[in-house]
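Everything on this sheet refers to the single structure shown next.
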Amino acid sequence: ESLFSELSDIPLDSHYALKEEFSADPAPKKVILGSGIYRDGNGMPWVLPTVKEAEDIVDNIGDPGRYDYLQIAGSAAFYTAARDLLFGRVDTKVESIVSVQAVSGTGANSLGARFLSESLKPSAVWLSNPSWVNHANIWSLVGVEVKYYPYWDAEKRLLDFENMIKTLESHTKPGDVIVLHGCAHNPTGVDPTKDQWKTIADVCQRRGLFPFFDNAYQGFASGDLDEDAWALRHFAGRENMELAAAQSFSKNMGLYGERVGALHILTASPDAASKVKGHVLRIQRGQVSQPPRRGATLATTILTNGKLFQKWLLDLREMSSRIKDMRKALHDELVALGTPGDWGHILTQIGMFSYTGLSPAQVEHLRSEGHVYILASGRISVPGLNPGNVKYVAAAIDKAVR
Ligand code: PLP
C-alpha cells in the first residue's frame with residue numbers, strides 16, 4: 001500500500017493527449033493543428049536564421065564561463081534588453097521597474113503569481129473566459145481563487161466586450177489581479193481594439209485591479225514589435241499604474257525548449273521596486289535558484305547586436321506573414337467550398353491561433369472522419385497549416401460542418 005494510493009487520477013494534458021492520439025492514428029494522410037509551435041511551409045520546425053547567426057557568434061566567443069551559474073535574477077544584460085523591448089524606452093520609469101529572468105513565459109507567470117499572491121493577497125485572479133489553459137493551473141497552485149470575465153462571444157465569434165466590462169465593473173474587489181493577454185489572445189486570436197484597451201485600463205484604475213500582462217507573442221502577432229506591445233505600454237504610461245508583465249521568447253525567437261523569458265513588475269517608486277525585487281529573488285532562489293543561461297545568451301546577442309536585431313525583424317515578418325497567408329488560404333478554401341457559416345473571423349483573428357467556432361461534435365467528426373486533430377474547444381494552431389495540407393483541412397472542416 002503506497003502513501004500515494006489515495007491520489008486522484010489526473011488526465012494527461014489535453015495537448016499531449018491529442019499528440020498521442022495523432023501518433024496512434026494509422027491513416028496515411030493526417031494533420032495535427034494542436035500546440036502553439038511555429039512550423040514552416042513544409043511543416044518543419046524553423047530555426048530562425050538570426051538564431052543560427054547568434055549561435056555562431058556565441059560559440060565562437062567560447063566564453064570559459066559559459067557554463068557558470070547566472071545570478072539569481074539571471075543575466076542583467078538579458079533582462080534589461082528584454083525590458084526595453086517590451087516597455088519601449090520608458091526612461092523615466094526604469095528605476096521603478098523590477099526585471100528578472102524567468103524560466104520562459106510559464107516561469108514568469110508562475111513567479112509573478114506566487115509573488116502577487118503573497119504580497120497583494122488578492123481575493124481572486126480574473127482570467128478571460130477562455131484563457132491559456134495553464135493560467136488557471138498556475139494560479140490554483142498558489143492558492144488564489146480563479147474567476148473568469150466574459151471574453152469570447154461564441155455566437156458572433158468576436159470579443160464580448162460589453163459583458164467583459166460589466167463583470168469587471170461589478171464583481172471585482174480592490175487588489176484583485178486581472179490577467180490580460182498583451183496581444184494575440186490565446187486561444188481565441190481576438191484582441192481588444194486600442195479604444196477598448198483604454199476602457200479596460202480605466203476600469204482597472206477605478207476598481208483598483210492589478211493588471212498582469214502575459215506577453216507571449218510580441219512581434220510574432222502583427223510582425224511589428226511596437227504594435228504588439230501597444231496595450232502594455234499604454235497601461236505603463238498612465239499615472240499611478242502598477243502592473244506586472246510576463247515575457248516569453250519562445251515564439252518570437254523560436255527558442256521554445258531553451259526557456260527564455262522575464263518577469264517585470266512596474267511599481268510606483270524606486271523604493272517599492274527595491275522591496276519587490278528582494279521578495280521576487282527570495283522566491284526565485286527557492287524555485288529555480290538561477291535561470292538557464294544559453295537561451296538568454298542567444299536572445300541577448302540578437303537584442304543587442306544592431307545588425308542581428310534588424311535581421312530578426314525580417315524573421316518576425318516572415319513568421320507573421322506566413323500565418324496571415326495561411327489564414328487567408330483556409331478562409332478562401334472554405335468560401336470556395338461554400339461551407340455553411342461565416343468564416344471572416346479566421347481572417348480578423350491574429351497570432352498563432354484561431355478559434356474556429358467548431359462545436360465539440362464537429363471537432364470529433366474532423367478527427368474520426370478527416371484525421372484532422374484540433375483541440376475540443378475548436379482552436380486551431382494556424383502555423384500547422386501549409387500549402388500541402390490546407391485544401392485537405394478545409395475539405396475536412398466542410399464535411400464536419402455539413
Ligand atoms: N502565455 C501564453 C498566453 C501562451 O500562449 C504561452 C505559450 O503557449 C505561454 C504563456 C508560455 O510559453 P513559454 O513558457 O514557452 O514561454
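The values are calculated or read from the model by the stated rules, or taken from the named source; none is laboratory data. Treat the numbers as computed from the prediction; the structure is a model and nothing was measured. Methodologically, a virtual Cβ is constructed for each residue, glycine included, from the backbone with ideal geometry; neighbour enumeration extends over all protein chains shown.
Which members of region 126-148 meet the condition of being farther than 19 Å from ALA376 by Cα, crowded, with 20+ Cβ neighbours inside 10 Å and within 16 Å of the ligand (Cβ to nearest atom)?
Across region 126-148, the qualifying residues are TRP126, LEU127, ILE138, TRP139.
Which one is nearest to the ligand (Cβ to nearest atom) among residues in region 205-222 that are assigned to a strand (DSSP E or B) and in contact (Cβ under 8 Å) with a residue 60 or more places away in the chain?
Within region 205-222, the first condition is being assigned to a strand (DSSP E or B), and the residues that meet it are 210-215.
From what is left, the residues that are in contact (Cβ under 8 Å) with a residue 60 or more places away in the chain are 210, 212, 214-215.
Details: PHE210: 18, PHE212: 11, ASP214: 5, ASN215: 8 Å.
Restricting to residues being assigned to a strand (DSSP E or B) and in contact (Cβ under 8 Å) with a residue 60 or more places away in the chain, the top hit is ASP214.
For (1) within 19 Å of the chain's Cα centre (by Cα); (2) closer than 23 Å to PHE220 by Cα, each residue gets a yes or a no:
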| residue | (1), (2) |
| --- | --- |
| ASP325 | no, yes |
| ALA329 | no, yes |
| ALA336 | no, no |
| THR339 | no, no |
| PHE353 | yes, yes |
| ASN386 | no, yes |
| VAL390 | no, yes |
| VAL393 | no, no |
| ARG402 | no, no |
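Assess whether TRP152 counts as being closer than 25 Å to THR348 by Cα and within 16 Å of the ligand (Cβ to nearest atom). Yes, satisfied.
In the set ASP202, ASP271, ASP228, only one residue is modelled with pLDDT of 95 or more and within 15 Å of the ligand (Cβ to nearest atom); that residue is ASP228.
For region 53-67, which positions are in contact (Cβ under 8 Å) with a residue 12 or more places away in the chain and assigned to a loop (DSSP other than H, G, I, E, B)? Selection gives ARG66, TYR67. Going residue by residue through region 153-162, is there one that turns out to be in contact (Cβ under 8 Å) with a residue 60 or more places away in the chain and either in a loop (DSSP other than H, G, I, E, B) or charged (D, E, K, R) (or both)? So far as region 153-162 goes, yes, one or more of its residues are in contact (Cβ under 8 Å) with a residue 60 or more places away in the chain and either in a loop (DSSP other than H, G, I, E, B) or charged (D, E, K, R) (or both).
No other residue among VAL280, VAL260 is β-branched (Val, Ile, Thr), within 16 Å of the ligand (Cβ to nearest atom), in contact with a Phe, Trp or Tyr (Cβ under 6 Å, 6 or more places away or on another chain) and at pLDDT 95 or above apart from VAL260.
Do you know which of the residues in region 256-271 that are surrounded by fewer than 18 Cβ atoms within 10 Å (Cβ to Cβ) and in contact with a helix residue (DSSP H, G or I) (Cβ under 7 Å, 6 or more places away or on another chain) is nearest to ALA245 (Cα to Cα)? Checked region 256-271; the qualifying residue nearest to ALA245 (Cα to Cα) is ALA268.
Would you confirm, using the coordinates I've provided, whether THR80 is assigned to a helix (DSSP H, G or I), free of Cβ contacts under 8 Å to residues at least 24 places away in the same chain and away from the ligand (no atom under 16 Å from the Cβ)? The answer is yes for THR80. A single member of GLY295, GLY306, GLY370 is within 21 Å of LEU86 (Cβ to Cβ) and touching a residue at least 12 places away in the same chain (Cβ under 8 Å), and it is GLY295. Within region 236-249, residues that are charged (D, E, K, R) have Cβ atoms under 7 Å from residues that are away from the ligand (no atom under 11 Å from the Cβ) and assigned to a loop (DSSP other than H, G, I, E, B) in these pairs: GLU242/THR267; GLU242/ALA268, counting only partners at least 6 apart in sequence or on another chain.
Considering region 89-113, the residues that are more than 12 Å from the ligand (Cβ to nearest atom) and closer than 16 Å to LYS275 by Cβ include one that is modelled with the lowest pLDDT, namely GLU95. Meeting the requirement of 3 or more residues that are under 23 Å from ALA229 (Cα atoms), the helices (runs of 4 or more DSSP H) wholly within region 267-357 are 294-304, 306-337, 344-348.
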